[in-house]
1. Past 29 Å, Cα to Cα, is the threshold; run 162/268; 190/254; 162/335; 162/190; 165/268 against it and keep the listed order.
2. Hey, what D do you get for region 97-234 in µm²/s if you plug the Kirkwood alpha-carbon radius into Stokes-Einstein at 20 °C and 1.002 mPa s?
3. Let me know the shape class of region 209-277, please: from the alpha-carbon gyration tensor, a ≥ b ≥ c as square roots of the eigenvalues, rounded when a/c is under 1.5, otherwise prolate if a/b is greater than b/c, or oblate.
4. Under the Karplus relation 6.51 cos²θ - 1.76 cosθ + 1.60, θ = phi - 60°, what is the ordered set of whole-Hz ³J(HN,Hα) values for region 300-308, x standing for Gly and Pro?
5. In vacuum, with every alpha carbon of region 98-350 counted as one equal point scatterer, what does the Debye formula give for log10 I(q)/I(0) at q = 0.08 Å⁻¹? Two decimals, please.
Amino acid sequence: MSAPRKLLTNFDKALIIGIILGVLGICALTAVFFFLWVNPPGRSVEPTPFGAATATLDISASDLASTMAAGNVTATPTVGVPTPVSSFSDDAPLVGRIVFTCYIQQIDQICIMNADGTNRRQVTESDATSFYASLSMDGEMVFYSSRESGQFQIYSIRSNGKEFKRLTRVSGSFYAPELSPSGQWIVMTKDGDGIWLMKPDGTNPHALTDKDDIDPTWSADGSMIAFASSRSGPRQLFVMNADGSNIRQVTDLKDMGGRSSWSPDGTKLVFYAGPEADRNIYVINVDGTNLVQLTDGGDNLGPSWSPDGNWIAFTSFRDGNNEIYVMHPDGTGVKNLTNNSGSDWQPRWGR
């Protein structure tokens, strides 16, 4: 009886082994079939390189500019067109001080504030209009135009409101004084009689040009002066060497404004243009190329570039009253610095 039981046991073992081998074979065939189904013969699979773009965008510079945010209005992106990204950080500090015209008790006065809008102070306490202010490179001296004496003359005063001094004593009206980066000369406009120079103490006043030239401003290295003029027809923006030579026209636009400002590297100018109540801020290369509109609506004027190149201060009527704003040189990052019942305008940046 024991032999048949042993023979049955060996048979059972063989049967089990056969079943296991069959199952393994079926699994192997299934795996091969699945691989061929997913990766059929003739199909090549290449890995995508790290960082490779998933789409190709073809857009011209003019199309890109048209989508740029103007002020605090962001253009709506369209399919296939990238939304412009500012190369400037909104966290970039607002460094230095800004001098400006402030309307106080029915009179234009000169005020000053930190570049972030804090520590606002009134500098002048004049009984007559005082405006067109600018700062010395160190931010200590303010130069401005006032009709304290009847005609508009150039004055200086410390940024703390002390050491008030009249500088010009020539018949006529003078405006828009600005001290050269070297501190050796003040450039200014004589109404109807061109651009003039004088020493910071008021001595040696003399004409540099003899046309209807206004609103002169020094390049950061003091080698050039930009100004607005109607010398060749409707008012345009011009540049010249600091000695008055090599005058050349930069813009060819309608409804040009006056005040402009150099980029710290001396390659660009920021200015304003447009019909009254609809003026906008523009940037252009000094050679007249690459005109870019930075704002769109709000009536904007009087721009001034920050010494570090990260910001442009300007006046805007966008809230129904002249106030001072800043933005990056690409038109992004608009910030409101003043918010007063009286007008704040004509900002000029200093250290």
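1. Numbers: 162/268 35 Å; 190/254 24 Å; 162/335 31 Å; 162/190 26 Å; 165/268 34 Å.
Correct reply: 162/268; 162/335; 165/268.
2. Values: Rh = 15.1 Å.
Translational diffusion coefficient: 142 µm²/s.
3. On the way: a/c = 2.15, a/b = 1.31, b/c = 1.65.
Here region 209-277 falls in the oblate category.
4. Whole-Hz 3J(HN,Hα) from phi for region 300-308: 10, 7, x, x, 8, 7, 6, x, 8.
5. The Debye formula, applied to the Cα set alone, gives -0.27.
Every number here is computed from the coordinates shown, using simple stated rules; none is lab data. What you see is a predicted model, and the numbers here were worked out from it, not measured in a lab.
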